Amino acid sequence: MAIWTVLRGKADEGRYARSTLVNSVGRGIFFALSTLYFTQILGMPLTLFSVFLTLSAVTGLAGSVLFGRASDKVDAMTMYRTLLAVQGLGLIVYVVTDNFICLGITMAVVSTADRGAAAARGPIIAHISQGENRVSYRAMLRVVSNIGTAMGSVLSAIPLTIGTRPVFVALILFNVFTYFTAALMLRGIQCGTFASAHSRKDGRMGLVAVRDVPFLLATAANAVLYLHDGILTIALPIWIASAKSIPNGMVSALLLVNTVGVILLQVRFARGTDSIRGAGRAGLRSGLSLCAACVLLALSREAVVWLSVVMLVAAGLMHLCGELWQSASAWSFGFEMSGDDLLGEYQGVLNAGADTMALVSPMILTSVAHADSPAGWLVLAVVFLLTGLSYGPIARLAARTRSK
């Protein structure tokens, strides 16, 4: 699927991709400046800010599951647009009040809406991009999102350089504009519901996804692999800073390689994963790649400088491959293991698993990176290896249960 062709297209796929690009620019801005805005511009104590972030992450978990299920029962696009508007309104609150309690509550609301919107993407993609095209289209959307986020990060350099409140506020209000613009760009697209034509699986009420054992196994395996998300941003900077012989600039270089790699390769790595078996193969490759990355990181700190740099670059490339295959595997499991009438619910549970890992991963990864020995990296390598090897049995079990 040609990314630029889709972005220029007049069909619903093109409209949704362009909306994603606009929204991602604003998100990229806010991701880069939010911590400094709350802690330095508004003067929120760092400890309180951390507490609010944790509580927001917890409410986001609930939002992922609840709104995911709701998106199977109502028009997913309408709900998605509404949640975009809620996030935009929340950002307005950030610039009109200095009350920390009010800000904390708003952070929780925005997080819940954000994760709910993420869960609604599954039904939306299923409606506007049919059949085997779903995984490749989802991969393309991730590329578009990364491009927008990178553009937003560049724009965020303005307030970060100037450092005054009016400039921060102006960029946050621009983010508000992107949320409402993205919602308006999708006006007129109606997804309807798959559930109207199908009864709930097994004819039972409640969450079906949490009773689907193969899917829960796939969700757990995906959550473990999702530890990769914090390696570049949390563990690697700490690990490099503790190795005095390695230039600190390697952190920025590896982040750049990762961003460019996702943009150039995500669609390619998603090929062949549009089945349960394909998702299993991608999960195996992801686990092996992340295992190799951890081994290289474990060996990098004690080597001579040039060899350390080579090992870090190789680790960054292995990490990139693991990330790309993990994403493709998760999307395929989310689509292939659910009936169309339960896509939102399944997507919400899958996202909740990854979000849970994102919540606990800082504690795990800082322990690994702060250690005086590379033992933590080697333990993590074994965890990734075993998780990758589990994908084959999980995929075979899932395929059998779906064939009955």
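The values are calculated or read from the model by the stated rules, or taken from the named source; none is laboratory data. Remember, it's a predicted structure, so these values are computed and weren't measured experimentally. Here the Cβ is made from the backbone with ideal geometry for all residues, glycine too, and neighbour counts use every protein chain on show. Each accessible area value is taken on the protein alone, full model and side chains, heavy atoms only, with ligands, DNA and RNA left out. Shrake-Rupley method; radii C 1.70, N 1.55, O 1.52, S 1.80 Å.
When the Karplus curve 6.51 cos²θ - 1.76 cosθ + 1.60 is applied with θ = phi - 60°, which whole-Hz ³J(HN,Hα) does each residue of region 25-41 get, with x for Gly and Pro?
Ordered by residue, 3J(HN,Hα) equals 4, x, 5, x, 4, 5, 4, 6, 10, 4, 4, 5, 5, 5, 8, 9, 6 Hz.
Under a plain spin-label model, where a point goes 7 Å from the Cα along Cα-to-Cβ, how far apart in nm are Leu184 and Thr97?
Between Leu184 and Thr97, the simple spin-label model gives 2.6 nm.
Ignoring any ligand, DNA or RNA, what whole percent of the accessible area of the chain comes from carbon and sulfur when the probe is 1.4 angstrom?
It is 68 percent, rounded to a whole number.
Match the structure shown to one of the listed values (i) 63, 53, 40; (ii) 79, 48, 45; (iii) 70, 43, 36 of Cα extents along the principal axes in Å, computed from it, and give that label.
Here Cα extents along the principal axes in Å agrees with entry (i).
So who's got an amide H within less than 5 Å of the one on Asp72, skipping anything under 5 residues away but keeping other chains? H placed 1.01 Å off N, in plane.
Here Gly344, Glu345 satisfy the definition.
Using the Cα gyration tensor of region 21-108, with a ≥ b ≥ c the square roots of its eigenvalues, what is the shape: rounded (a/c below 1.5), prolate (a/b larger than b/c) or oblate (neither)?
Note, shape of region 21-108 comes out prolate.
Subtracting the Cα-Cα distance from 0.36 nm times the residue separation, let me have the gained length for Glu302 to Ala62 in nm, one decimal.
82.1 nm is the gain from fully extending Glu302 to Ala62.
Quick one: net charge of Trp325's neighbours, Cβ under 12 Å, K/R +1, D/E -1?
+3
How many Å² of accessible area per residue for the chain, probe 1.4 Å?
42 Å²
Run the numbers on the chain and let me know its relative contact order in percent, using alpha-carbon pairs under 8 Å that are six or more apart.
25 percent
Go ahead and run the numbers for FRET between Val167 and Ser252, Cβ-Cβ distance against an R0 of 30 Å, rounding to 0.05.
0.80
Per residue of region 272-283, in order, report the coupling 6.51 cos²θ - 1.76 cosθ + 1.60 (Karplus, θ = phi - 60°) as ³J(HN,Hα) in whole Hz, putting x for Gly and Pro.
Result, rounded to whole Hz: x, 10, 8, 7, 5, 4, x, 5, x, 5, 5, x.
Loop-only check: which GluC sites (Glu not before Pro) in region 295-404 are DSSP coil with at most 14 other Cβ within 10 angstrom?
Those satisfying the criteria are Glu302.
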